[in-house]
1. Treat every Asp and Glu Cβ in segment 22-264 as -1 and every Lys and Arg Cβ as +1, leave all other atoms uncharged, and give the resulting dipole magnitude about the Cα centre to the nearest 20 debye.
2. Which of the listed residues, A274, Q301, P341, is farthest toward the dipole's positive end in segment 267-400, when Lys, Arg count +1 and Asp, Glu count -1 at the beta-carbon?
3. Enter the mean projected area of the convex hull around the alpha-carbon atoms of segment 22-264, in nm², rounded to one decimal.
4. Using only the Cα atoms of the chain, build the gyration tensor, take square roots of its eigenvalues as a ≥ b ≥ c, and label the shape rounded, prolate or oblate: rounded if a/c is under 1.5, else prolate if a/b is larger than b/c, else oblate.
5. List the residues, sorted by chain then number, that are 5 or more residues from A108 or on another chain and whose placed amide H is less than 5 Å from its amide H.
6. Taking a probe of 1.4 Å, how large is the accessible area per residue of segment 75-159, in Å²?
7. If you roll a 1.4 Å probe over the heavy atoms of the protein chains, what accessible area per residue do you get for segment 267-400, in Å²?
8. By its C-alpha gyration tensor, with a ≥ b ≥ c as the square roots of the eigenvalues, how is segment 267-400 shaped: rounded for a/c under 1.5, else prolate for a/b larger than b/c, else oblate?
Amino acid sequence: MQRELTAPTPADPEDGGLPVLPELAARFAEAAGRTAPEPVGGGPALRAAACGYWERRGLWTDPEHVAAAPGGQPMLLSLLAAAGGDVLLTRPCASWYAPLARLVGRPAYHVPVPAECGGVPDPFALLETVRRVRAEGGGPRVLLLSVADDPTGTTAPPELLHEVCEAAVAEGMLIVSDETWRDTVHHPHGTVLLSPAEMCPEDVVVLTDLAGAFTPPGWPAAVARFPATERGVELRARVLSTLDALRAAPLPPVAAAAAHALDEPEPVRERTAAAARVHGAVAAAVYRALTAVGALCRPPQAGRQLYADLDELRGDLAARGITDSVELERELTRRLRHPVPGGHRFGDAPHTLRVRLSTLPLLGTGEQARLAALAAADPLRVPHVAEALTAFDTAFRELTRAGPRPTGTEGSPLS
């Protein structure tokens, strides 16, 4: 097991994401006067809306097999506590996975991802890790994966996902599929995205944190879909018991807004599509800037993140006193003036030179700035976005001694 750093992932406490849709704010306000708490696991309206959401994505769901919680963290915490056994995570993976496994006393083991994407383990490495853990006396019971991945911003090809799911099920593992970012695919008509629940319906719990595409981070809400089996019913009951012990029920105003968002009326669909388009354009520009200075990075396909490996630039970085991801995080956060978490927070070893980069700060810091980016036909030509991308490019070129860009637009991240 590699060293884990316990300091919290850096975050901007003032960054609440994109502006709230007026329709969601209205639903929130309408329910603000409710004094009765939402039931643990979510009320009928929220669970019914979640069923409709999944059915539109090809997953028939009954409300009795759905649970809601105030955010992805309490839901995953309850899932891991209920499932028992050791947990297998990808390397890299979302920064909040491993701490929750530790919190409920579940040993967690990282499995490397394949070359083409993050979010799912390499299937051969998965089987080898299961064999090794069992040989050491462990009991791997849960595989936590993400078909649209944070931190890498990639999606898993269906054929690879099928191979991984078959391997996990053959080893008797429960698959927890974090699908928080599935509705943020940058090019939905050119990306085939499937859920493991479509492949192995009896062995998959689907987890969706609505903060990925639908609600503000300050309105925590998440839903989970359990298998329609005896095992799934028992697991859901144990999850509800844990949520009850934690008093982790959705807040009534948040539940009302979340149910409306999951119903996906036209304004919600338009906002989701606009956000995916804008983040996709900015992520592509960031990718061009990173690869231009020699960083390795998978092409972004979903979400608001990219994961860059600067090991090829180790010599230039060492000359500036940067030899690991902790120092790289500190320096890039200083240069870019917003948090840039290092790879050690996502399961990678600290000696690596990897960082997760977010597109959200490049859209501006105020509500009007971000609305302007969302409304623009070409967000890269919005002045404050173009300035932010130029500053990003300059910061990396200065850091890696790649030198200034030639005059003109050829090779520019805006191209």
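The values are calculated or read from the model by the stated rules, or taken from the named source; none is laboratory data. Being a predicted model, the structure only gives us computed values, none of them experimental. So basically every Cβ, Gly included, is an ideal-geometry build from the backbone, and we count neighbours across all protein chains shown. SASA here: full protein model, heavy atoms, side chains in, ligands and nucleic acids out. Shrake-Rupley method; radii C 1.70, N 1.55, O 1.52, S 1.80 Å.
1. 720 debye
2. A274
3. 12.4 nm²
4. oblate
5. Here the answer is V87, since their amide H atoms fall under 5 Å of that of A108.
6. For segment 75-159, the per-residue accessible area is 31 Å².
7. Normalised by residue count, the accessible surface of segment 267-400 is 39 Å².
8. The shape class here is prolate.
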